[in-house]
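*Asks:* Questions regarding the structure given below will be posed in turn.
The values are calculated or read from the model by the stated rules, or taken from the named source; none is laboratory data. Owing to the predicted nature of the structure, the values given are computational and were not obtained by experimental measurement. Cβ atoms come from the backbone with ideal geometry, glycine included; neighbour counts cover every protein chain shown.
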Amino acid sequence: MSAHEATKPIAEGLFTWPSEHPALLGSRCGDCGRVAFPAQASCAACCSTDVEMEELPRQGTLWTWTVQRFMPKSPYNSGETQETFQPYGVGYVELPGAIRVEGRLTESDPEKLAIGMDMEVVFYPYRSEEDGTEIINFAFSPV
Ligand SMILES: [Zn+2]
């Protein structure tokens with residue numbers, strides 16, 4: 001087994017992993033129907049603890065976005081340095097069900113990003129740990 005076969009998600013419970021069709025995991029309130037991401041143990045709207053995990057839709061529309069031109073501080077830093085840092089897009093994608101999810105975008109060219117455009121969630125190796133385990137994160141990519 002090569003070192004690169006090992007992968008793990010950046011945070012437990014954030015999305016289904018490993019999975020043939022990975023999806024973000026949200027929580028839906030059984031009382032008021034509110035969906036939250038990341039999943040919460042109780043509803044932020046009505047305080048109900050009758051919440052269930054569910055897979056979120058993979059596609060949505062870009063609600064707003066910006067380009068991050070400054071290197072993020074740990075723990076959001078993926079191992080880049082001032083020399084290797086590349087600006088990246090970050091935005092909110094509105095998924096069906098009126099839930100907005102913040103995430104990195106695979107596109108950082110402002111000419112190629114527009115509010116309302118179709119986006120889909122993708123999963124990619126974010127960084128590697130010392131033992132070779134690849135840490136998987138999610139991002140949104142133009143469809
Ligand atoms: Zn609720």
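*Asks:* For residues in segment 23-33 being under 30 Å from Ser141 (Cβ atoms) and free of Cβ contacts under 8 Å to residues at least 24 places away in the same chain, which is farthest from the ligand (Cβ to nearest atom)?
*Replies:* Among residues in segment 23-33 that are under 30 Å from Ser141 (Cβ atoms) and free of Cβ contacts under 8 Å to residues at least 24 places away in the same chain, the one farthest from the ligand (Cβ to nearest atom) is Gly33.
*Asks:* While we're here: Criterion first (assigned to a strand (DSSP E or B), away from the ligand (no atom under 16 Å from the Cβ) and touching a Phe, Trp or Tyr at 6+ places or on another chain (Cβ under 8 Å)) does Met119 satisfy it?
*Replies:* Answer is yes for this residue.
*Asks:* Still on this structure: For segment 34-79, name all the residues that are within 30 Å of Lys112 (Cβ to Cβ), among the β-branched types (Val, Ile, Thr) and either within 16 Å of the ligand (Cβ to nearest atom) or touching a Ser or Thr at 6+ places or on another chain (Cβ under 9 Å) (or both).
*Replies:* Of everything in segment 34-79, those that are within 30 Å of Lys112 (Cβ to Cβ), among the β-branched types (Val, Ile, Thr) and either within 16 Å of the ligand (Cβ to nearest atom) or touching a Ser or Thr at 6+ places or on another chain (Cβ under 9 Å) (or both) turn out to be Val35, Val67.
*Asks:* Does Gln82 meet the test of being modelled with pLDDT under 95 and surrounded by 11 or more Cβ atoms within 10 Å (Cβ to Cβ)?
*Replies:* no
Here's the yes/no breakdown for (1) buried (at least 17 other Cβ atoms within 10 Å of the Cβ); (2) within 30 Å of Glu5 (Cβ to Cβ):
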residue: His21; (1), (2): no, yes
residue: Val51; (1), (2): yes, no
residue: Phe70; (1), (2): no, no
residue: Tyr126; (1), (2): no, yes
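*Asks:* Moving on. Just to check your reading of the model, which residue among Ala98, Ala139, Ala39, Ala114 is under 20 Å from Ile10 (Cβ atoms) and out of contact with any Lys or Arg (no Cβ under 8 Å at 6 or more places or on another chain)?
*Replies:* Ala39
*Asks:* Here is a follow-up. May I ask you to list the residues in segment 1-18 that are in contact with a strand residue (DSSP E or B) (Cβ under 9 Å, 6 or more places away or on another chain), of a type in the set (Ser, Thr, Tyr) and part of a loop (DSSP other than H, G, I, E, B)?
*Replies:* Thr16
*Asks:* Please verify whether Glu130 is in a loop (DSSP other than H, G, I, E, B), surrounded by 15 or more Cβ atoms within 10 Å (Cβ to Cβ) and without any contact (Cβ under 8 Å) to a residue 60 or more places away in the chain, treating the condition exactly as stated.
*Replies:* Details: in a loop (DSSP other than H, G, I, E, B): yes; surrounded by 15 or more Cβ atoms within 10 Å (Cβ to Cβ): no; without any contact (Cβ under 8 Å) to a residue 60 or more places away in the chain: yes.
No; evaluated as a whole, the condition is false for this residue.
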